[in-house]
Amino acid sequence: MAWDYPNPFTLPAAPTAADIDGLQHTNNAVYVQWCEKIGWAHSQALGLSLADYQRLDRAMAIRRGEYDYLLPTVLDDELTLATWLCASDGKLTMERRFQLVRNRDQATVLRGRWDLVCIELSSGRARRMPGEFCAVYLAAMVP
């Protein structure tokens, strides 16, 4: 597949009947849910789970989400969703990118981006990323 960045973390996706809206396309909210699902799966694959977030009293929270819906998908389309960590200031923020590809024609149907900020779970305030976050997430950044 023609990925925007090298070495993506990927998951398969396929719209079900419940995902289809009145226009007979996959509802845009479904794409957002898929991005959340792959974001967590990628973090867990890298070695940081929700339990780690709770133990460290820190989390990477979405400060801004941006989605470009390029082409529609329909019931039972076979898709591949990819994600990458693309930027960080090394202290407080990170950027996660997404690309959704329709398998049958390799067309990119969605691109997305999250601006993430590290927060202290107990207060909700922005805080520096703990060492464990830096060690795991910064090592996974695409150059």
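Here is how the numbers come out for the structure above:
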| item | result |
| --- | --- |
| Meets criteria (free of Cβ contacts under 8 Å to residues at least 60 places away in the same chain and farther than 19 Å from Q44 by Cα) for G112 | no |
| Scope region 12-28; condition assigned to a loop (DSSP other than H, G, I, E, B) and among the small types (G, A, S); matching residues | A14, G22 |
| Residue in region 43-64 that is at pLDDT 95 or above, closer than 22 Å to A2 by Cα and in contact with a strand residue (DSSP E or B) (Cβ under 7 Å, 6 or more places away or on another chain) present | no |
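The values are calculated or read from the model by the stated rules, or taken from the named source; none is laboratory data. Worth saying up front: this structure is predicted, and the values here are computed from it rather than measured. Ideal geometry is used to build each Cβ from the backbone, glycine not excepted, and the neighbour counts take in all protein chains shown.
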